[in-house]
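The values are calculated or read from the model by the stated rules, or taken from the named source; none is laboratory data. Being a predicted model, the structure only gives us computed values, none of them experimental. Backbone-built Cβ (ideal geometry, glycine too); neighbour counts: all protein chains shown. Just so you know, the surface numbers come from the protein's heavy atoms only, side chains and all, with ligands and any DNA or RNA stripped out. Shrake-Rupley method; radii C 1.70, N 1.55, O 1.52, S 1.80 Å.
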Amino acid sequence: MAGITDAVQFFDGLLTEARSREAILSQAAVAIRGTVAVRFPGGDRIVRVSPAAEPQFTRQPNRVNYHGPDGIHVWHQDAADGVPDDFLPRLAVALRIAAHWDRAPGDANHAIQTLFRPETAAGAKTAALAELSLLAEQPIRVLAIGGNEKLAEHFAEQGARSSELYARMRYPKYEALLVSASFTPERVGPPPQGVLAAFSGVFPADRADWALRNAQDALRFTSLSRQRSPLHLSRDEGWRNGGELHSIAALTSLPRAKLRTLEDVQILERLRKAHGDRVLHVLEAFATTTSVRGAGSELYMHRNTVAHWVRKAEQAFGYSLSQPYARAVLFVSLCMHHLVYRSPEITA
């Protein structure tokens, strides 16, 4: 054969040179002195013909096809010499890798937009997954980073370098990064002052829209303050973990105007205005532990001080907070207060 004795070595060499999809097809066509083509799952079709190929007018084209498991279709025809059996499978692999490289990671590209839209049709989603070299069941996470625009952009770059990044997209109030499920906040470190950071639970790649929503919900529970906020998770290095929101995430779907009218939310806001954020921090610790002593231990605060603020809250609410149900209601009220008065605006 003219130019290929080892298909693996041939295509690996082209990828080492960071060749584009078009360049890989052109070199493959030259090597076999024939025609090489690809049709991607989304319908994009690229054909390259070797300058040395001789037109065939007297017989049907001699075409050999290969259909990849992700929907990619490659073929060659009218090759001048024999072609290795693994030529087309290796070509398909090389083209998928090149398609992944061809993406500009900072662009709001069509593939990531397609995956993040809940109403996307199954065929379009399959094509978008193929463009990003993802399998439907491949586990992924979504990171959501917002706050000060310049600081958030720099921190997003840091997150992209510390994770296996598939794509990223900029929204008006934050940036979303589609990454491998192996992401951990320890790899990136805590967000700097002025930056909000959250990550989703683990989802299959074909449910990237769910992962995005989960990351958005988690971002709503962050705060620019380095003080406590509901669902405070110190072990996550300042990041909010959407995987631990559970049913509390449903609160983010309620309109702020509605939450603002709830009596318990109004009482908490009056307490905050009268006594500062400290009273909210004490009440959250009390709601999420089993006792005044436990809250004091978590806050490094004397239990008498905790008891003082709990009594203040009981007077304002008009009922005792000693029972587990009352503390559960208090915690939900604290979450709703946060979503109304301290949560960042998230616009998808």
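Once the Cβ-Cβ distance of residue 85 and residue 184 is raised to the sixth power relative to R0 = 56 Å, the FRET efficiency obtained is 0.85. Note on the chain: with charges restricted to the Cβ of Lys and Arg (+1) and Asp and Glu (-1), its dipole about the Cα centre is near 1520 debye. Springs join every pair of Cα atoms under 10 Å in this Gaussian network model of the chain, and among 146, 276, 243 the largest mean-square fluctuation is at 276. Among the protein heavy atoms, those of residue 5 account for about 130 Å² of accessible surface (1.4 Å probe, every chain in place). What accessible area, in Å² to the nearest ten, does a 1.4 Å probe give for residue 253? Accessible surface of residue 253 is approximately 80 Å². Between residue 293 and residue 275, the contour length at 0.36 nm per residue exceeds the alpha carbon distance by 4.3 nm.
By how many degrees, 0 to 90 and rounded to 10, does the Cα axis of helix 87-102 deviate from the longest principal axis of the chain? The answer is roughly 40 degrees.
When the chymotrypsin sites (Phe, Trp or Tyr not before Pro) in the stretch 309-342 are filtered for DSSP coil states and for at most 13 other beta-carbon atoms within 10 Å of their beta-carbon, the remaining sites are 319.
For the pair residue 311 and residue 250, label points projected 7 Å from Cα toward Cβ lie 3.7 nm apart. Where (1) 20.0; (2) 22.7; (3) 21.0 are the candidate values, the label of the one calculated here for mean projected area of the Cα convex hull in nm² is (3). Residue 173 exposes around 110 Å² of accessible area when a 1.4 Å probe is run over every protein chain in place. Here the accessible area is traced with a 1.4 Å probe on the protein chains. For the chain, carbon and sulfur cover 51 percent of it. Rounded to the nearest 500, the 222 nm mean residue ellipticity of the chain from helices alone is -13500 deg cm²/dmol, with -39,500 (n - 2.57) taken per DSSP H run of at least 4 residues. Accessible area per residue for the chain is 48 Å², calculated with a 1.4 Å probe on protein heavy atoms, without ligands, DNA or RNA. Stretching the chain fully between residue 264 and residue 20 yields a gain of 81.9 nm (0.36 nm per residue, less the alpha carbon separation).
Only Lys, Arg, Asp and Glu carry charge here, each on its Cβ (+1 for the first two, -1 for the last two); on that basis the stretch 82-222 has a dipole of about 300 debye about its Cα centre.
Projecting the Cα atoms of 176, 152, 288 onto the dipole axis of the chain, where Lys and Arg carry +1 and Asp and Glu carry -1 at the beta carbon, places 288 farthest toward the positive end. Against the chain, whose longest principal axis is taken from its Cα atoms, helix 21-32 shows a tilt of about 30°. Of the residues 99, 324, 242, the one whose Cα sits farthest towards the positive end of the charge dipole of the chain is 324 (charges of +1 on Lys and Arg Cβ, -1 on Asp and Glu Cβ, taken about the Cα centre).
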